[in-house]
Amino acid sequence: MSELDAFRTEVREWLEANCPAEMREPIRDEGDVCWGGRNFKFKNEAQKAWLEACVAKGYTVPDWPKPYGGAGLTPEQTKILKQEMKRIKARSPLDSFGIWMLGPALLQFGTEEQKVQYLNPIARGEIRWCQGYSEPGSGSDLVSLQTFGEDKGDHWVVNGSKIWTSYADKADWIFCLVRTDKTNKYQGITFMLFDMESKGVTTKPILLISGNSPFCETFFDDVEVPKTQYVGEINRGWDVAKYLLGHEREMISGGGAGGDMVSIGGAFAKAFGKNAAGELDDPILRAEMAAFDVDVFAYRAMGERFMDMWKTGRAHPASSNMMKYVGTELNKRRHELVMSGGGSEALEWDSEESKGGARARGWLRTKANSIEGGTSEVMLNVIAKRILDLPGA
Amino acid sequence: MPLYHNDDQAMLKDSVAPFVAEQAPVSHLRKLRDSADATGFSRDLWAQFTEMGLPGMLVPEAHGGLGMGHMEAGIVLEEIGRNLTPSPFLSTGVGAVAALAKAGGTQAGRWLPAIASGEAIVALAIDEGAKHRPDRIATTATRAGNGFRLDGKKSFVLHGHVADVSIVAAKSDGGITLFAVPKDAKGLTADPRRLVDSSLASHVTLDGVEVDADAVIGEVDAGGEILDALLAATRTGAAAEMVGVGQGAMDMTVNYLKERKQFGKLIGEFQSLQHRAAHLYGEMEVARATVMKAQQLLDEGSEGAKLMVSVAKAKAGRAANLAVREGVQMHGGIGMTDEYDIGLYMKRDRALAEYMGDVHYHIDQVARMNGY
Ligand SMILES: Cc1cc2nc3c(=O)[nH]c(=O)nc-3n(C[C@H](O)[C@H](O)[C@H](O)COP(=O)(O)OP(=O)(O)OC[C@H]3O[C@@H](n4cnc5c(N)ncnc54)[C@H](O)[C@@H]3O)c2cc1C
Ligand SMILES: Cc1cc2nc3c(=O)[nH]c(=O)nc-3n(C[C@H](O)[C@H](O)[C@H](O)COP(=O)(O)OP(=O)(O)OC[C@H]3O[C@@H](n4cnc5c(N)ncnc54)[C@H](O)[C@@H]3O)c2cc1C
């Protein structure tokens, strides 16, 4: 038996022993997701036990080095762990911006001290992070951001506001882009880290078209940030910001694969009924769903190839932009089909049968996929410039 | 297995890509076309392929081949696609080998070594009408003497008029049976037609063709599985070739965007073209990954291969079609000229799209395999 086969057996046994049955049920709503953080309330004992088991093993961040709370797995081992978790439909033990975004940026740009200090609480689900990038006047054109940090010797005094800050009202800390040099556009931004309980930080939730309000306006009035709490170099935060965006885009692109829905047509044939030939009883919808299934199966292969290449340094550094573009457009198409398939039932907004309007709200939420983390148009601009090397892009 | 080429495969690509680009670039196709070549490919080139061992790549080592997999064959096919090289590689070295190797027995022993040595060209006589409908084969095999009598009409048989042997799918008493029909069989006629991409495909008539019992590939009535193996290999191969065609068209087009000036600017500066080119890039990348996944599953003998093969043929079909359409459009007027190569890519793509099931056929298959 090869080493990897042995590892697979070991993982399989560990999962069998440690993943509670409740954690093998599909995620139904936001409340099923374990985000961690100071104020997080576990939905049930199983969620807590599953997190603790994974933390002990380093499996919340399996490919991070052990001193930072990971399990130090190789790309091949990480792939096997993911495959085995998927096989038993295990939920992710912990989801967070710390894992997806800040972690990879710290691993790349952080000092040894910062890695130990910040990564371990992320891996253990103790500190929940939010992302302070966008501002009212700076969305796609992020580098025009105005939030300013005035140099006061051993600290900065930060003033300004951020917008669309996801979960700002629930997060413990923020990683935040702050202008520290008004004379230099790209080399005048510092990547700061600070506690959301710092004096002068306030948040105001914004209601989304889905009726939920996971994101906020975030205001900074004379917030003091010690001059030890930045990543990379002062005024060179843009490099960190861009690197982090690559990981954010990679993460968002995952939605395209469609979780555990094997085939959209297969799922709907049950609800819709079939004709005498055993085909979904609406030939045009059947054709659209089948064409969509082809694109999803194809995208899963792309996801596998991308991860294999990304984790081994073979991928084009800008290829996460392509993944985000293709994956998010696919996910929007999925939810259009879910609505068509669901008909008038899918329109229900708050009934018990509709699980509180899960389909309608989910459909509306996916419209943000091609906006958050950089819009589809911006993704296409980046591909044109950095991958295709087109002029003037 | 990671979904990228390993070192050996990368080396194979490094030797095959320059070889095909030098020996059989698009000008090679033009030369054959403009001289109204009656064979449909260059025998000299096939001899060079043989020197490199390419026809026998998939042939098991016991039969004199290299015993490689679909991932490796796909590397060759992509280069054939990128250069629009007319070649019997797909039907002979991929489709026929897959069927014969699966069946084993007398016919495998007879033809696999001949394929590996470059001596035999093999045609696949499967389709019978304008569209690919392998589940409705009407050609009949009736027992006669100590063998069979074959009657029917086949169409879209690439290299049918020059093949040393054709693999014929026929309906027998209890199922499908595949036969190896040699070119000199009495009652066998091939009527070659020039197609839009300058290739030659035959309408083949089987009029009371008599074959011995040992002409059966595999077992009588048990040809379904062998046909499936033939189809899976050929479809995956055609998809790999389409990735080459699409990539070739896309590369040409992206280069043109960096050369052509209008309104005082390079046309590649116009965002409407940038976005379309970037979208196309994404589709081509997805198609490539999908085809590699199908190759990998076939090589592993995985149960999921059949689904992925249809996904690959459909996805590569969509992506390559987009590449050639955008290619002609973004070239403007010059893209419509015979002198410029982009139109040849459009023609080749059209023929490959139809071969062994078009996009619609395979989308429908994906629905069926998922129970709707
Ligand atoms: C659900 C959700 C969660 C979010 N979470 C966060 C978060 O946690 N933290 C955070 O900092 N931000 C977050 N964002 C903000 C997100 O990053 C921005 O919305 C996004 O970058 C777009 O900026 P904008 O909204 O200002 O749109 P704009 O930049 O004003 O864009 C408007 C339109 O113009 C197009 N456009 C703009 N520039 C170009 C161009 N050069 N070429 C072609 N078209 C162009 C865009 O594609 C878009 O269609 C979130 C957004 C959403 C929707
Ligand atoms: C069959 C045929 C018959 C014709 N007959 C005649 C005729 O009888 N008389 C005659 O005078 N001409 C004729 N033409 C020429 C025709 O009008 C031109 O081909 C056409 O105007 C495009 O110009 P072009 O070929 O130089 O392409 P280009 O202008 O070089 O365009 C190349 C690509 O760039 C795109 N592009 C160019 N500028 C922009 C922009 N600003 N923004 C976005 N995209 C842009 C184009 O849409 C195209 O996709 C004919 C062409 C054809 C194909």
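Please work out if A:Ser351 is in a loop (DSSP other than H, G, I, E, B), more than 16 Å from ligand 2 (Cβ to nearest atom) and hydroxyl-bearing (Ser, Thr, Tyr). Outline the logic, then answer.
Numbers: in a loop (DSSP other than H, G, I, E, B): yes; more than 16 Å from ligand 2 (Cβ to nearest atom): yes; hydroxyl-bearing (Ser, Thr, Tyr): yes.
In short, yes.
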Exercise. Taking B:Ala213 and the conditions (1) closer than 24 Å to A:Val382 by Cα; (2) away from ligand 1 (no atom under 16 Å from the Cβ), which numbered condition does it fall short on, given that it satisfies the others?
Worked result: (1)
Exercise. When only residues in segment A:361-393 that are touching a residue at least 40 places away in the same chain (Cβ under 8 Å) and of a type in the set (A, V, I, L, M) count, which is farthest from the other protein chains (Cβ to nearest Cβ)?
Worked result: A:Leu364
For this session: For segment B:335-347, indicate whether the set of residues that are near ligand 2 (Cβ under 10 Å from one of its atoms), more than 9 Å from chain A (Cβ to nearest Cβ) and touching a residue at least 40 places away in the same chain (Cβ under 8 Å) is non-empty.
Result: no
Exercise. Restricting attention to segment B:281-303, does a residue exist that is more than 9 Å from every other protein chain (Cβ to nearest Cβ), away from ligand 2 (no atom under 16 Å from the Cβ) and at pLDDT below 95?
Worked result: yes
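Hey, can you tell me all the residues within segment A:369-393 that are within 16 Å of ligand 2 (Cβ to nearest atom) and modelled with pLDDT of 95 or more?
Restricting attention to segment A:369-393, the residues satisfying the condition of being within 16 Å of ligand 2 (Cβ to nearest atom) are A:377, A:380-381, A:384, A:388, A:390-393.
Within segment A:369-393, A:Glu377, A:Leu380, A:Asn381, A:Ala384, A:Leu388, A:Leu390, A:Pro391 meet the criteria.
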Exercise. Restricting attention to segment A:100-134, and to residues there that are in contact (Cβ under 8 Å) with a residue 24 or more places away in the chain and in a loop (DSSP other than H, G, I, E, B), which single residue is surrounded by the fewest Cβ atoms within 10 Å (Cβ to Cβ)?
Worked result: A:Glu126
Exercise. Hey, among the residues in segment A:239-291 that are outside any helix (DSSP H, G or I) and under 22 Å from B:Ala289 (Cβ atoms), which one's farthest from the other protein chains (Cβ to nearest Cβ)?
Worked result: A:Gly259
Exercise. Any residue at all in segment A:336-350 that is within 14 Å of another protein chain (Cβ to nearest Cβ), within 24 Å of A:Glu135 (Cα to Cα) and at pLDDT 95 or above?
Worked result: no
Exercise. Can you tell which of B:Gln247, B:Gln262 is away from chain A (no Cβ under 12 Å), within 13 Å of ligand 2 (Cβ to nearest atom) and on the phi < 0 side of the Ramachandran plot?
Worked result: B:Gln262
Exercise. Would you pick out the residues in segment A:18-52 that are over 24 Å from A:Glu197 (Cα atoms), assigned to a loop (DSSP other than H, G, I, E, B), at pLDDT 95 or above and of a type in the set (A, V, I, L, M, F, W, C)?
Worked result: A:Cys19
Exercise. Out of B:Gly332, B:Gly357, B:Gly304, which single residue is of a type outside the set (Asp, Glu) and over 28 Å from B:Ala169 (Cβ atoms)?
Worked result: B:Gly332
For this session: State which residue pairs qualify: first residue on the phi < 0 side of the Ramachandran plot and inside segment B:109-129, second residue among the acidic types (Asp, Glu) in any location, beta carbons under 6 Å apart, and separation of 6 or more residues or different chains.
Result: B:Ala120/B:Asp164; B:Ile121/B:Asp164
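Residues that are within 16 Å of ligand 1 (Cβ to nearest atom) and of a type in the set (Val, Ile, Thr): which helices (runs of 4 or more DSSP H) entirely in segment B:285-372 hold 1 or more of them?
On the way: elements: B:305-330, B:342-354, B:359-369.
Correct list: empty, since no element meets the threshold.
Could you tell me which of the residues B:Val311, B:Val359, B:Val324 is surrounded by fewer than 24 Cβ atoms within 10 Å (Cβ to Cβ) and either under 26 Å from B:Leu3 (Cα atoms) or away from chain A (no Cβ under 11 Å) (or both)? I'd like the intermediate steps shown before the answer.
On the way: B:Val311 fails: surrounded by fewer than 24 Cβ atoms within 10 Å (Cβ to Cβ); B:Val324 fails: surrounded by fewer than 24 Cβ atoms within 10 Å (Cβ to Cβ).
Being surrounded by fewer than 24 Cβ atoms within 10 Å (Cβ to Cβ) and either under 26 Å from B:Leu3 (Cα atoms) or away from chain A (no Cβ under 11 Å) (or both) holds for just one of B:Val311, B:Val359, B:Val324, which is B:Val359.
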Exercise. Considering segment A:335-384 alone, what residues qualify as being within 19 Å of A:Asp282 (Cβ to Cβ) and polar (S, T, N, Q)?
Worked result: A:Ser340, A:Ser344
Exercise. Is it true that some residue in segment A:215-233 is assigned to a helix (DSSP H, G or I) and within 14 Å of ligand 1 (Cβ to nearest atom)?
Worked result: no
For this session: Have a look at A:Val262, A:Val231, A:Val294 and point out the one that is closer than 18 Å to B:Tyr372 by Cβ and modelled with pLDDT of 95 or more.
Result: A:Val294
Exercise. How about segment A:140-159: which of its residues are within 15 Å of A:Tyr186 (Cα to Cα) and either over 28 Å from the mean Cα position of the chain (by Cα) or not polar (S, T, N, Q) (or both)?
Worked result: A:Asp141, A:Leu142, A:Val143, A:Leu145, A:Phe148
Exercise. When both residues are 6+ apart or on different chains and their Cβ atoms are under 6 Å apart, which pairs have a first residue that lies in segment B:258-272 and is charged (D, E, K, R) and within 16 Å of ligand 1 (Cβ to nearest atom), and a second that is modelled with pLDDT of 95 or more and outside any helix (DSSP H, G or I)?
Worked result: B:Glu269/A:Pro391
Exercise. Name the residues in segment B:204-230 that are in a helix (DSSP H, G or I) and closer than 13 Å to B:Thr142 by Cα, would you?
Worked result: B:Ala213
For this session: Return yes when A:Arg333 is surrounded by 18 or more Cβ atoms within 10 Å (Cβ to Cβ), at negative phi and of a type in the set (D, E, K, R) and no when it is not.
Result: yes
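The values are calculated or read from the model by the stated rules, or taken from the named source; none is laboratory data. Fair warning: this is a prediction, and the values are worked out from it, not measured in the lab. When we count neighbours, we look across all protein chains shown, and the Cβ atoms used for this are built from the backbone with ideal geometry, even at glycine.
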